[in-house]
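*Asks:* Take this structure, written in C-alpha cells, and hold onto it; I'll ask about it next.
The values are calculated or read from the model by the stated rules, or taken from the named source; none is laboratory data. Since this is a predicted model, take the numbers as computed values, not measurements. Here the Cβ positions follow ideal geometry from the backbone for every residue, glycine too, while neighbour counts run over all protein chains shown. Protein only, heavy atoms only, side chains kept; ligands, DNA and RNA dropped before computing areas. Shrake-Rupley method; radii C 1.70, N 1.55, O 1.52, S 1.80 Å.
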Amino acid sequence: MSHQHFVSPDLIRQGFSRAMSDMYREEVPLYGALMALVTQVNAQVLEQQPAIARHLQHSGELQRLDLERHGAIRVGSAAELATLARLFAVMGMQPVGYYDLTPAGVPVHSTAFRAVHEEALHVSPFRVFTSLLRLELIDNLELRRFAEQVLAQRSIFTPKVLELIEQAHAQGGLDEHDAQRFIQEALETFRWHHHATVTAAQYASLSAQHRLIADVVAFKGPHINHLTPRTLDIDEVQRLMPEHGITPKAVIEGPPRRACPILLRQTSFKALEERVAFTDQDLPQGSHSARFGEIEQRGAALTPKGRALYDRLLNAARDALGDFPSESNAQRYNQLMQAHFDEFPDNHDAMREQGLAYFRYFVSDAGLAARHQPQRPTTLSALLAAGHLRAEPLVYEDFLPVSAAGIFQSNLGDDSQSHYAAHSNRQAFETALGRATLDELQLYAQTQQRSLEQCADSLGLPAL
Ligand code: OOG
Ligand code: NI
C-alpha cells in the first residue's frame, strides 16, 4: 500500500470542521446569525486596532481565525468514548486535559479532542469538548440499569465510518476519496435526531434525575450541542447580541476584560426548545432543549505559576461574591473580578519576565541582519531588548472547568444543580477512553521550547 496518497489528518479535520459548521447552520438558524455578528465584530477590531491585527498576523492566528471553532458532545458509555477517540485520531485530534464537572453538580467528566502541534493547529484549531456521563452517580438503581440498557442498544456510528476508522488505523491514513467519505459518515454521529429512543414517561423520569442524563440517554446519538466561534471582542458581541435577537447569559465566564487577554472568556445564550417524537408518539409532540449558542475570546496560555495566580484570584472574587454569579449580582461580580485581577500584570513583558505565560519566539529581520556581527547579543533577554527576537504569547487552546460548569448550568437551567459526593476519577475516564489524556501544560512548554530552538538555529547560536 502506497503512503503518498494519504490525505493529511489536518486537512481531514479542516474539512470536517467546515462540514460540521454547514450542518449546524442548517439545524440551528441562530448559529448563522451569531456567526455573522462575530465576523462583523472581528472585522471592526482588526480595522480599528492595527496592533492586534499585527500581533495576530505574526502569531499566525489571523489566518486561522475564520475557521476557528469548538463543539461539544456528551456520550453515554466507555465503548462510545473509546471509538470516538479512534474517530478523532483519524483527524489528528488527541484527548487533551481532564475536566471533572461533578463539583458543579454535573454528572460528567470530560476531555478536549484537538490537534497538539502548532503547525497542525495552524491548519485547523477545531476542538471538541467531549463529556462522558457518569452513570454510577445515578442513585436510583432501577433507573441506572434502565439507562445502561438503553445505551447498550444504540449504535452512534454508521457501519461505514467504523470500517473507515479501522482502515485508517490499519493503513496509516485515508486517500482522498475515503477521506471525503469519512467526513460525511463521521458527521452522522453528531446530527440531531427528532426521534427519541424512549417513551415520553421514560424521558420524564430520566429528566427528573438530571436533565443532562435525559439529554444523553434518550436520543440516538451525541448531537453536537453548540459550535463556538472565536471573537476578538467578546464584550462587544455580548452587547450587540440582543439587537440580533439573541439573549446572552448574565456573566461572561473566565477572566475579566484586559488589555492583554489571558486564557479564555466565554458567554452562551439560551438553549432552543426542540420538537421531539418519543417512541410512543408518531408525531413530534414532546420537547427537549438540546442545543445552545456560545462565543469565546482566547488569550495567552498560562504557565503553572500563571494558572495558580488565575485560580487564586478567581476563587477570591467568587468567595467575596458569596454566591453563584447570576443576573441579580452580575454587576457586583464584574467589579469584584476587575478589582481582584488588578494583581495580574496586564502587559506581555511583565507576564513573560515573571513566568506567568507561555510565549513563542520569532527572529526579526534585524536579528537576521545582525547574524554575523561579532558583538551581537546572544542571550534571550538581550536579543529581545535589541529587537532581534520578538515574543508572542501562545494562545490558550483548552478549556476551563469553572467556566465549563457555568456554561453547562446556564444551558441546563438553574433548577438542575445537584450535589455529588464522588471524587474526580481521571483513571476511570482514561480506562474508558482506552488511553491517557495529554497534559496541556506540557504541550505549551514543548511549543515554546521548539520556537527557542528554531530561533537559536536561525541565528546560529548554540542554545537560548
Ligand atoms: C459542554 C460545556 C463546556 C465549554 O466551552 O466550556 C464547554 C457541554 O455543555 O456539553 O463547551
Ligand atoms: Ni463550549
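*Asks:* Checking residue 155 against (1) touching a Leu at 6+ places or on another chain (Cβ under 9 Å); (2) surrounded by 15 or more Cβ atoms within 10 Å (Cβ to Cβ): exactly one of these is not met. Which one?
*Replies:* (2)
*Asks:* Within the set of pairs 6 or more residues apart or between chains, which connect a residue that is under 24 Å from residue 408 (Cβ atoms) and open to solvent by less than 10 Å² (accessible area, probe 1.4 Å) inside segment 54-81 to a residue that is among the charged types (D, E, K, R) and not in a helix (DSSP H, G or I) with Cβ atoms less than 6 Å apart?
*Replies:* What qualifies is 68/230; 70/127.
*Asks:* Now a separate question. For segment 104-132, give me each residue that is within 14 Å of ligand 1 (Cβ to nearest atom), open to solvent by 10 Å² or more (accessible area, probe 1.4 Å) and either of a type in the set (A, V, I, L, M) or part of a helix (DSSP H, G or I) (or both).
*Replies:* Passing the criteria: 104, 132.
*Asks:* Quick check on residue 447: is it within 26 Å of residue 112 (Cα to Cα), loosely packed, with under 15 Cβ neighbours inside 10 Å and among the β-branched types (Val, Ile, Thr)? Outline the logic, then answer.
*Replies:* Numbers: within 26 Å of residue 112 (Cα to Cα): yes; loosely packed, with under 15 Cβ neighbours inside 10 Å: no; among the β-branched types (Val, Ile, Thr): yes.
Spelling it out, it is not the case that residue 447 is within 26 Å of residue 112 (Cα to Cα), loosely packed, with under 15 Cβ neighbours inside 10 Å and among the β-branched types (Val, Ile, Thr).
*Asks:* Which count do you get for residues in segment 184-202 that are more than 28 Å from the chain's Cα centre (by Cα) and open to solvent by less than 20 Å² (accessible area, probe 1.4 Å)?
*Replies:* 1
*Asks:* Taking the condition under 29 Å from residue 410 (Cα atoms), within 16 Å of ligand 1 (Cβ to nearest atom) and not in a helix (DSSP H, G or I), does residue 232 pass?
*Replies:* The answer is no for residue 232.
*Asks:* Collect the residues in segment 296-325 that are under 23 Å from the mean Cα position of the chain (by Cα), more than 20 Å from residue 440 (Cα to Cα) and not in a helix (DSSP H, G or I), keeping them in residue-number order.
*Replies:* Hits for segment 296-325 are 324, 325.
*Asks:* Restricting attention to segment 243-262, and to residues there that are open to solvent by less than 10 Å² (accessible area, probe 1.4 Å) and away from ligand 2 (no atom under 14 Å from the Cβ), which single residue is modelled with the lowest pLDDT?
*Replies:* Going through the qualifying residues, I end up with 246.
*Asks:* Applying the selection to segment 431-464, what residues are in contact (Cβ under 8 Å) with a residue 40 or more places away in the chain and charged (D, E, K, R)?
*Replies:* 435, 439, 440, 450
*Asks:* Can you work out which of the residues in segment 208-240 that are among the aliphatic types (A, V, I, L, M) and more than 16 Å from ligand 2 (Cβ to nearest atom) is nearest to residue 52 (Cα to Cα)?
*Replies:* Here the answer is 232.
*Asks:* In segment 283-295, which residue that is touching a residue at least 24 places away in the same chain (Cβ under 8 Å) and over 22 Å from the mean Cα position of the chain (by Cα) is surrounded by the fewest Cβ atoms within 10 Å (Cβ to Cβ)?
*Replies:* 285
*Asks:* Is there any pair linking a residue in segment 374-390 that is over 15 Å from residue 349 (Cα atoms) and assigned to a loop (DSSP other than H, G, I, E, B) to one that is modelled with pLDDT under 95 and among the basic types (Lys, Arg), with Cβ under 8 Å and at least six apart or on different chains, and which?
*Replies:* 388/376
*Asks:* Just a yes or no: is a residue in segment 14-26 among the polar types (S, T, N, Q), closer than 21 Å to residue 397 by Cβ, open to solvent by less than 20 Å² (accessible area, probe 1.4 Å) and part of a helix (DSSP H, G or I)?
*Replies:* Going residue by residue through segment 14-26, those that are among the polar types (S, T, N, Q) are 14, 17, 21.
Next, only the ones that are closer than 21 Å to residue 397 by Cβ stay: 14, 17, 21.
From the residues that got through so far, the ones that are open to solvent by less than 20 Å² (accessible area, probe 1.4 Å) too are 17, 21.
Filter once more, so that each one left must be part of a helix (DSSP H, G or I): 17, 21.
Yes, the conditions are met somewhere in segment 14-26.
*Asks:* Please verify whether segment 416-428 includes one or more residues that are at pLDDT 95 or above, outside any helix (DSSP H, G or I) and more than 24 Å from the chain's Cα centre (by Cα).
*Replies:* No.
*Asks:* Tell me which residues, restricted to segment 344-373, are in a loop (DSSP other than H, G, I, E, B), open to solvent by less than 40 Å² (accessible area, probe 1.4 Å) and within 17 Å of residue 388 (Cα to Cα).
*Replies:* First pass over segment 344-373, keeping only residues in a loop (DSSP other than H, G, I, E, B): 344-347, 354-356, 358, 364, 370-373.
Next, from what is left, pick out any that are open to solvent by less than 40 Å² (accessible area, probe 1.4 Å): 344-345, 355-356, 358, 364, 370.
Across segment 344-373, the qualifying residues are 364, 370.
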